[in-house]
Amino acid sequence: MNIPFDIEDSIKILEELVNTPSPSGYTKDAMKLAETYLAESGAELTRTNKGAVIATFRGEDDTRSRLITAHIDTLGAIVKEVKSSGRLKLDKIGGFNWNAAEGEYCTVHTADGRKIRGTILMHQTTVHVYRDSAKAERSSDNIEVRLDERSVSAEDTRALGIEVGDFVSFNPRFERIGGYIKSRHLDDKASTALLLELASRLKESGIKLPHTLHLYISNNEEIGFGGNASVPQNTTEYIAFDMGAIGDGQASDEYTVSICVKDSSGPYHYGLTRHLADLCKKEGIPHKLDIYPYYGSDASAAIRAGFDVRHALFGPGIESSHALERTHTDSLVAAAGLLRAYILSPLAED
């Protein structure tokens, strides 16, 4: 019994996803894209009031089901103020440092549907004018958007249709170099692409799963509450399929699947986490066990919301998270392998 995997198809879906803007709160276009892929899989689709999509594949046991979630929302910004200069002051969406966005091309999404291009810059960027340009704090007080429109006043900018509350998305800059994939928003569109690819292969394989499976495409994870509601009844195991964090002291890398044993919310369910690690050993899937010190997931959000589920977290390793991210196809292949081994396995023991 085998569910096929196509890495090229996964990367094609990933590129399409990252090129579809979806900062938390403005995910409708990306969610429609995901919904299109899921509809083609023949799954039962449910749209939640918060705008998430759940695809259900009925298994032999419908009394104890599994849920796997990946989030389609990303980091971004929102217009905080239209400045007298015509430039825009921003507020963050999600947790990132301003230096990670400085110098990036961006798009302002107006309420009337216009897409206006610009660049995120320090106010004191011009070194020939500002002596402290290198030392000035990278903060919301100094960061602004220079619009690619003739605008030298707040009135000019408002005449373009831009107003406080408009969303701002960052250029993803997707690039493939050998086995590496570089792009913003691999957190968590890399995992989302793998889930969408899996959905299509489930239909193709014709395999009957041992337990009903819900694929939950979440849209508010970056702001902390993406998967803490609308969890289907009878869900016994809840998997957050999300990025592995790489850095000093971390075991995770760009070439294996990372299984998180603990993050800032506390330990994940011991039995389910061990089950995932044992599946990797059994199937020969390259993996690392790790702790993410400054991290929370949709699975931990569901636990905080009071759902009585066993929760776990795994996913591809992502370098330089919440900035200019990178991963390797080896990590995507390993993550896809664990996905398949998991949904074909019995439930974990307590």
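The calculated FRET efficiency for the pair Glu8 and Thr48, based on their C-beta separation and a Förster distance of 30 Å, comes to about 0.45.
Applying both filters, DSSP loop and at most 15 other Cβ atoms within 10 Å, to the trypsin sites (Lys or Arg not before Pro) of segment 116-192 gives Arg131, Lys135, Arg138, Arg150, Arg173. For Asn97 and Asp29, the difference between the fully extended length at 0.36 nm per residue and the C-alpha to C-alpha distance is 21.9 nm. Which shape class applies to segment 138-261: rounded if a/c is under 1.5, otherwise prolate when a/b exceeds b/c and oblate if not, where a ≥ b ≥ c are the square roots of the Cα gyration tensor eigenvalues? It is prolate, given that a/c is not under 1.5 and a/b is the larger ratio. By the gyration tensor of its Cα atoms, with a ≥ b ≥ c the square roots of the eigenvalues, what is the shape of segment 1-54: rounded for a/c under 1.5, prolate for a/b over b/c, or oblate? Verdict is oblate for segment 1-54. Taking the empirical scaling 2.2 N^0.38 Å for compact globular proteins as reference, the chain has a Cα radius of gyration ratio of 1.03. A DSSP coil position with no more than 15 other Cβ atoms inside 10 Å describes the following chymotrypsin sites (Phe, Trp or Tyr not before Pro) in segment 104-201: Tyr130. The mean of 1/r over all pairs of different alpha-carbon atoms in segment 209-350, once inverted, gives a Kirkwood hydrodynamic radius of 15.2 Å. Is the shape of segment 267-327 rounded, prolate or oblate, going by the alpha carbon gyration tensor and its root eigenvalues a ≥ b ≥ c, with a/c under 1.5 for rounded and a/b larger than b/c for prolate? Oblate is the answer for segment 267-327, as a/c is 1.5 or above yet b/c matches or exceeds a/b. For the chain, the relative contact order works out to 23 percent when only alpha carbon pairs closer than 8 Å and six or more residues apart are counted. As a length-normalised measure over Cα pairs under 8 Å and 6 or more apart, the relative contact order of segment 231-335 settles at 43 percent.
Over the residues of the chain, the helix contribution to mean residue ellipticity at 222 nm works out to -8000 deg cm²/dmol, using -39500 (n - 2.57) for each DSSP H run of at least 4. Approximating the spin labels as points 7 Å out from Cα along Cα→Cβ, the Glu40-to-Arg158 distance works out to 4.5 nm. Projected onto its three principal axes, the C-alpha set of segment 1-117 covers 63, 33, 27 Å, listed from the longest axis down.
Note on Thr119 and Arg176: with the Förster distance fixed at 25 Å, the Cβ-Cβ geometry gives a FRET efficiency of about 0.50. In this structure, Glu349 and Lys208 have a Cβ-Cβ separation that, at R0 = 30 Å, corresponds to a calculated FRET efficiency of about 0.85. Put a plus charge on the Cβ of each Lys and Arg, a minus charge on the Cβ of each Asp and Glu, and nothing anywhere else: the dipole of the chain about its Cα centre is then about 320 debye.
Our summary gives segment 76-170 a relative contact order of 44 percent, counting only alpha carbon pairs under 8 angstrom and 6 or more residues apart.
The fewest-to-most ranking of Asp290, Asp242 by surrounding Cβ atoms within 10 Å reads Asp290, Asp242. Loop only per DSSP, at most 12 neighbouring Cβ atoms within 10 Å: give me the chymotrypsin sites (Phe, Trp or Tyr not before Pro) in segment 263-350, ordered by residue number. Within segment 263-350, the qualifying chymotrypsin sites (Phe, Trp or Tyr not before Pro) (loop, at most 12 other Cβ atoms within 10 Å) are Tyr294.
DSSP beta bridges fully contained in the chain are about 65 percent antiparallel.
Full extension of the chain between Gln250 and Arg150 yields a length gain of 31.3 nm, computed as 0.36 nm times the residue separation minus the alpha carbon distance.
Taking 7 Å steps out from each Cα toward its Cβ at Asp308 and Asp112 produces label points 5.4 nm apart.
Rg and Dmax of segment 76-170, both derived from C-alpha coordinates alone, stand at 12.7, 40 Å.
We did not get these values from a lab; they are worked out from the coordinates using the rules stated. Source: prediction; values computed, not measured. Every residue, glycine as well, gets a Cβ built from its backbone with ideal geometry; the counts of neighbours run over all protein chains shown.
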